[in-house]
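First comes the structure, then the notes that go with it.
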Amino acid sequence: MRQLIRITDPDDPAIVEFTNIRERDLTRSGGRFIAEGTVVLRMLAAAHHAGTRFKAHKILLLENRVDGLDDILSAFPPDVPVYVASGDVLDRIAGFHLHRGVLALGERLEPPPLNEVLNGLPQRALVVVCQGLANHDNAGSIFRNAAAFGVSHIILDETSCDPLYRKAIRVSVGSVLTVPYARGGNIEALLQTLKDNGFAFWGLSPAGKTSIRALPNSERTALILGTEGEGLPPHLLASIKTARIPQMPGLDSLNVATAAGIALYETAHAMGLLPDL
């Protein structure tokens, strides 16, 4: 039975990373992040066990949630401390009512160079590239879509938000911890790296020249998504091949996460990445 450490003081320095988590931004301090909820905790346990991309530092639980989490907690090594607190103390630590009662502090390990990652992907691979993605809800939804449709890797440029924000992880239902990704670099350099690794890439736009269902067959395909509202910049669209999702007239565009889900399904299906159920 794992030893539990009881917290009675919301200002206890042992759990300082969890205080006022609604306002906290841990991602700027060494890639640390807050994971919230049972499903995400289970994914963090699996990622920590794999030991390649993420590790866990500590866990904080509502005292009446412990009994139902024995199998997940046992997946973490003994050196990951588990703290428990009453509902009142936990709410004072978090700064709001935390009805899930499950928190963990994780850290992303330093990823390998993007060129190395892309070179090591399967011959048949689907990649998502995000340029200027600013909304954490959309980021989380794109990761969830990517997990559903067999995406091998997500690339976020230097102007995109960090998917390790608590809200993005929660919206992704933990998929940020399961879908490999890289973040950084300008979009032109990223596309050149994709080209060097044999990827055909398509910019998704309502004004795209080719229907998403008519993309030429390619074993290595990347779909490029732009910022919310404005989409991909005109100069970039003019320099690459573009694809569109046919839709009824009168609507300017789809939400970027919705468009990503549709485009990824169509592309993954055409590439034979989805199970035939």
Exercise. Can you find even one residue in the range 7-20 that is β-branched (Val, Ile, Thr) and either part of a helix (DSSP H, G or I) or closer than 30 Å to Thr193 by Cα (or both)?
Worked result: yes
Exercise. Limited to the range 237-277, what total is found for residues that are in contact with a Pro (Cβ under 9 Å, 6 or more places away or on another chain) and either crowded, with 18+ Cβ neighbours inside 10 Å or of a type outside the set (D, E, K, R) (or both)?
Worked result: 7
Exercise. Cβ-Cβ below 6 Å, separation at least six or inter-chain, first residue in the range 204-223 and more than 21 Å from Gly132 (Cβ to Cβ) and of a type in the set (Asp, Glu), second assigned to a loop (DSSP other than H, G, I, E, B) and at pLDDT 95 or above: which pairs?
Worked result: Glu219/Arg124
For this session: Inspect all residues belonging to the range 82-96 and state whether any of them is modelled with pLDDT of 95 or more, among the small types (Gly, Ala, Ser) and within 24 Å of the chain's Cα centre (by Cα).
Result: no
For this session: Can you tell me which residue among Ala260, Ala243 is part of a strand (DSSP E or B), touching a strand residue (DSSP E or B) at 6+ places or on another chain (Cβ under 7 Å) and small (Gly, Ala, Ser)?
Result: Ala243
For this session: Scan the range 196-233 for residues that are among the charged types (D, E, K, R) and in contact with an Asp or Glu (Cβ under 7 Å, 6 or more places away or on another chain) and jot them down.
Result: Arg213
Seminar exercise, completed: Note on Leu103: of the conditions (1) aliphatic (A, V, I, L, M); (2) in contact with a Phe, Trp or Tyr (Cβ under 6 Å, 6 or more places away or on another chain); (3) closer than 23 Å to Leu264 by Cβ; (4) in a strand (DSSP E or B), unmet is (3)
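The values are calculated or read from the model by the stated rules, or taken from the named source; none is laboratory data. All figures in this text were calculated on a predicted structure; none of them were measured in a lab. Cβ coordinates were reconstructed from backbone atoms using ideal geometry, including for glycine residues, and neighbour counts include every protein chain displayed.
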